[in-house]
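Read through the structure below, which is laid out as structure tokens, and then see the notes.
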Amino acid sequence: MNRLFIVLCCLLPNFISAQSTLIFSDEFEDNRWDWPVFSHEKAEGRFNYGRYQFEHKRESGSWSAYERINIDESKPWKIEVSMGHLKGVDNYGYSLLFGKGDEGQYQFALSGNGYFFIGKTVDGNYSDILDWVENKSLIKGSGELNKVEVLGANGRWEFKVNGQRVHEMAAQPFYGNAIGFNVSNAQSMTIDRMMVYQDENAIAVVPDVPANLIKENLGRNINTEWSEKMPIIAPDGKMLYFVRDSYPLNVSSEHDDIWYSEWTNDSWSMAKAMSYPLNQGFHNTVISVTPDNNTLLLMNRYLSDGGSNGKGMSLSQRTEDGWSMPQDVNIENYVNDSKYSEANLSSNGKVILITLRRDDTLKEPGDENENYKDVYVCFRNEDGSFTEPMSLGPSVNTIGNETSPFLAADGRTMYFSSNGWPGYGDSDVFMTKRLDDTWTNWTKPLNLGMGINTSDWDAYFNIPASGAYAYMISSNNSVGSGDVFRIKLPPALLPEPVVLVSGVVYDSKTNEPIGAKVAYTDIVTGTELGIASSDPTDGTYQIVLPIGNQYAFRGEKQAYYPVSEYLDVRELSAYQEIKKDLYLAPLEVGRTIRINNVFFDLDKSSLKQESFEELNLLVGILENNPDLKIELGGHTDSQGSDDYNLTLSTDRAASVRAYLSEKGVATERLISKGYGESKPVASNDTEEGKALNRRVEFTILQ
């Protein structure tokens with residue numbers, strides 16, 4: 001009877017095609033998927049020479065281990081496992097479990113003496129789907145491995161052992177998405193490999209992402225037996241902020257406190273707790289750090305007496321005396337019907353991405369799950385407040401829960417976590433790219449793959465400007481319940497490259513470093529792209545600029561003229577770090593100041609459009625200082641005749657004077673004069689020196 005059944009099965013058509021999209025892989029070389037490792041009187045689980053070994057020690061009963069692996073059972077799928085009987089009794093089943101949930105599971109079992117069966121358990125009650133079938137010629141015995149496959153497609157299930165179909169049946173509904181193993185009575189099994197395939201439309205993974213990415217635990221200088229959460233890496237990659245949950249050394253052992261570590265001597269320093277006013281007696285969290293490292297965006301609002309001012313966000317600035325008391329971030333019509341929220345401040349400080357639950361949050365009718373949120377965007381107003389949250393729409397948001405958005409330094413690539421898009425576990429990390437300035441048009445979110453995502457809850461993924469490493473939380477191979485890990489990113493997961501510009505802001509008269517604002521603009525359109533701050537103690541600053549544009553950037557401080565620098569990164573194709581010191585010239589009589597970023601066509605005196613942004617800055621200085629009177633001086637290099645250079649420099653200075661006059665500056669406050677090649681500031685023997693000599697300056701006369 002059994003032999004006849006097997007023959008009939010072999011004559012059936014091969015109705016399930018092979019699936020090419022791998023959505024889960026474990027070679028059991030390490031415990032990256034957090035299989036239970038334990039040993040006690042009933043059972044034992046351990047890793048041994050690249051295999052997972054699983055033993056039940058008693059003569060009756062069984063033991064199970066499983067992982068949640070999201071399979072869309074409505075689309076073709078395949079589970080493939082290499083497993084075998086290791087030792088002990090050989091006439092009971094060692095099993096592959098699938099479709100497992102709280103109410104039931106399915107079981108495809110082999111025995112060490114050459115039998116197989118298929119069964120299911122519902123509400124604790126076991127029943128056979130297919131009773132024991134002998135096939136000793138197909139099933140390998142104790143000490144050897146068998147390739148076991150279960151495939152689902154077109155409303156049918158197919159079961160294979162070592163490449164041969166042994167049973168097929170009508171598909172049955174899954175009870176859940178857990179897949180694992182079971183061993184019964186006094187025997188043990190070994191598992192060498194497990195692969196899960198799914199129709200390519202199920203989990204959309206970023207192309208060319210390897211599955212064997214290494215999650216590196218950052219070690220005891222950062223991680224403890226307590227829970228570390230929400231790591232935030234500074235854009236320059238040299239400062240890491242994170243949260244310790246209920247840690248005994250926190251201000252309150254019942255709440256989260258902010259801790260930080262610095263990258264020095266190629267390692268992370270011993271973590272330190274942030275001091276007052278950032279750590280107080282409630283939940284304290286850094287959610288963003290600006291590229292200059294001088295502004296922190298914090299969750300919650302603060303009271304000066306040490307209490308919480310409720311939901312929302314705050315900003316703290318670095319001062320000469322430490323971090324300032326956090327000030328409320330004002331968001332128009334801020335409403336959040338969830339007790340949870342995550343946020344991220346863009347590198348230019350002009351955009352906040354935030355997760356909220358509001359009236360327009362995507363949800364199924366009657367859904368009251370307050371934990372389910374969508375991603376929204378708020379834009380900075382001129383007064384520093386932010387606009388009402390606007391949903392990113394269905395190209396990003398789902399009826400599930402979206403969490404922990406992170407906008408990369410390019411301003412276009414967003415990473416976020418969701419359980420609404422197909423993934424491997426409770427929540428996975430996805431990436432998407434903004435297609436236009438509506439902020440509602442994004443590429444289809446793609447899963448970062450099984451090297452990043454696990455069967456657990458994966459979130460709080462963020463990267464520095466370089467994109468070298470991603471930082472996130474994982475419980476796999478952790479010291480405590482959650483540790484900070486980093487992952488070296490493959491090219492497929494990187495955002496668009498940017499330039500990290502850093503330097504020191506100086507007083508050009510004293511050469512002393514000073515604290516100032518650092519503004520940067522698109523030199524073609526004149527659009528202000530962002531404002532940073534230099535450190536008030538040492539004058540250091542950092543800004544991040546996407547490649548592909550021309551930029552002007554400058555320090556700004558009251559009673560100083562901001563001497564601009566020019567940067568053309570249109571030809572760059574990879575991340576780069578550039579050093580540029582900035583100088584602020586005191587506005588005082590007799591001071592001569594170079595006007596950078598003023599451009600003319602070759603051998604002409606007509607101003608190019610790229611000059612207008614810089615000259616408008618000078619207009620503003622003259623408007624704010626109505627008593628200033630200046631001389632505009634034109635200069636050339638030594639190429640050409642003296643008469644030609646004198647005429648050219650005179651005409652160019654006159655062009656600048658005419659532009660300022662057209663913008664409303666009284667002509668009696670402006671004198672223009674050409675000096676030709678008579679006043680060089682550098683040698684004319686090099687191209688660099690010639691470039692410095694070709695300039696327009698102004699001298700303060702009164």
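A few notes on this one:
- Any chance Glu149 is in the same structural domain as Ile71 (by TED's automatic domain parsing), at pLDDT 90 or above, among the charged types (D, E, K, R) and touching a Lys or Arg at 6+ places or on another chain (Cβ under 7 Å): yes
- Residues satisfying the stated conditions in segment 194-223, i.e. surrounded by 19 or more Cβ atoms within 10 Å (Cβ to Cβ), of a type in the set (Val, Ile, Thr) and outside any strand (DSSP E or B): Ile203, Val209, Ile222
- Matching option when the condition is part of a loop (DSSP other than H, G, I, E, B), under 19 Å from Phe698 (Cα atoms), of a type in the set (A, V, I, L, M, F, W, C) and more than 42 Å from the chain's Cα centre (by Cα), among Leu622, Leu628, Leu602: Leu628
- Considering Val166, Val122, Val148, the condition of being in contact (Cβ under 8 Å) with a residue 60 or more places away in the chain, of a type outside the set (Phe, Trp, Tyr), under 21 Å from Ser64 (Cα atoms) and in contact with a strand residue (DSSP E or B) (Cβ under 6 Å, 6 or more places away or on another chain) is satisfied by Val148 alone.
- Across segment 131-184, the number of residues qualifying as in a loop (DSSP other than H, G, I, E, B), out of contact with any His (no Cβ under 7 Å at 6 or more places or on another chain) and among the polar types (S, T, N, Q) comes to 6.
- Hits in segment 600-615 (condition: exposed (fewer than 15 other Cβ atoms within 10 Å of the Cβ) and either in contact (Cβ under 8 Å) with a residue 12 or more places away in the chain or in contact with a Lys or Arg (Cβ under 6 Å, 6 or more places away or on another chain) (or both)): Asp603, Ser606, Gln609
- If only residues of segment 34-74 that are closer than 21 Å to Asn146 by Cβ, in contact (Cβ under 8 Å) with a residue 24 or more places away in the chain and assigned to a loop (DSSP other than H, G, I, E, B) are counted, the one that is farthest from the chain's Cα centre (by Cα) is Gly50.
- Long-range neighbours under 6 Å by Cβ, at least six apart or interchain, first residue within 11 Å of Lys229 (Cα to Cα) and in the same structural domain as Trp268 (by TED's automatic domain parsing) within segment 451-476, second among the hydrophobic types (A, V, I, L, M, F, W, C) and assigned to a loop (DSSP other than H, G, I, E, B): Met472/Phe461
- When restricted to residues that are of a type in the set (A, V, I, L, M), outside any loop (DSSP other than H, G, I, E, B) and out of contact with any helix residue (DSSP H, G or I) (no Cβ under 8 Å at 6 or more places or on another chain), segment 403-447 contains 4.
- Failed item, numbered, when Ile191 is tested on (1) of a type outside the set (Phe, Trp, Tyr); (2) modelled with pLDDT of 95 or more; (3) in a loop (DSSP other than H, G, I, E, B): (3)
- Thr454 being in a loop (DSSP other than H, G, I, E, B), of a type in the set (Ser, Thr, Tyr) and farther than 14 Å from Val375 by Cα: yes
- Hits in segment 131-177 (condition: out of contact with any Leu (no Cβ under 8 Å at 6 or more places or on another chain), farther than 23 Å from Ser188 by Cα and surrounded by 14 or more Cβ atoms within 10 Å (Cβ to Cβ)): Leu151, Gly152, Ala153, Arg156, Ala171, Gln172, Phe174, Tyr175, Gly176, Asn177
Conditions (1) over 21 Å from Tyr340 (Cβ atoms); (2) of a type in the set (Ser, Thr, Tyr), marked per residue:
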| residue | (1), (2) |
| --- | --- |
| Pro231 | no, no |
| Leu240 | yes, no |
| Thr264 | yes, yes |
| Ser269 | yes, yes |
| Ser288 | no, yes |
| Leu297 | no, no |
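- Of the candidates Glu368, Glu364, Glu332, the single residue that is of a type outside the set (A, V, I, L, M) and within 19 Å of Met390 (Cβ to Cβ) is Glu332.
- Neighbours by Cβ (under 6 Å, 6+ apart or cross-chain): first from segment 561-588, among the polar types (S, T, N, Q); second surrounded by 12 or more Cβ atoms within 10 Å (Cβ to Cβ): Ser564/Ala552; Ser564/Arg554; Ser564/Asn596; Ser564/Asn597; Ser564/Glu614; Gln576/Val499
For (1) more than 24 Å from Thr413 (Cβ to Cβ); (2) part of a loop (DSSP other than H, G, I, E, B); (3) assigned by TED's automatic domain parsing to the domain that holds Gly322; (4) charged (D, E, K, R), each residue gets a yes or a no:
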| residue | (1), (2), (3), (4) |
| --- | --- |
| Gly515 | yes, yes, no, no |
| Val524 | no, yes, no, no |
| Gly530 | no, no, no, no |
| Val544 | no, no, no, no |
| Ala552 | yes, no, no, no |
| Tyr561 | yes, no, no, no |
| Tyr566 | yes, no, no, no |
| Glu571 | no, yes, no, yes |
| Glu577 | no, no, no, yes |
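- In segment 476-499, the qualifying residues are those that are surrounded by fewer than 19 Cβ atoms within 10 Å (Cβ to Cβ) and charged (D, E, K, R), and the one that is nearest to Leu446 (Cα to Cα) is Glu496.
- The strands (runs of 3 or more DSSP E) found entirely in segment 268-369 that carry 2 or more residues being in contact with a strand residue (DSSP E or B) (Cβ under 8 Å, 6 or more places away or on another chain), surrounded by 17 or more Cβ atoms within 10 Å (Cβ to Cβ) and not β-branched (Val, Ile, Thr) are 295-299, 313-319, 343-345, 351-356.
Rundown of residues vs (1) more than 29 Å from Thr510 (Cβ to Cβ); (2) free of Cβ contacts under 8 Å to residues at least 12 places away in the same chain; (3) surrounded by fewer than 20 Cβ atoms within 10 Å (Cβ to Cβ), yes/no style:
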| site | (1), (2), (3) |
| --- | --- |
| Thr592 | no, no, yes |
| Leu617 | no, no, no |
| Glu631 | no, no, yes |
| Gly664 | yes, no, yes |
| Ser672 | yes, no, no |
| Glu677 | yes, no, no |
| Leu701 | no, no, yes |
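- Scanning segment 380-428 for residues that are touching a Pro at 6+ places or on another chain (Cβ under 8 Å) and buried (at least 20 other Cβ atoms within 10 Å of the Cβ) yields Val396, Ala408, Ala409, Asp410, Gly411, Thr413, Met414, Tyr415, Phe416, Ser418, Trp421.
The values are calculated or read from the model by the stated rules, or taken from the named source; none is laboratory data. On a predicted model such as this, the values are computed, not experimentally measured, just so you know. Because the Cβ atoms are built from the backbone with ideal geometry, glycine has one as well, and the counts that use them run over all protein chains shown.
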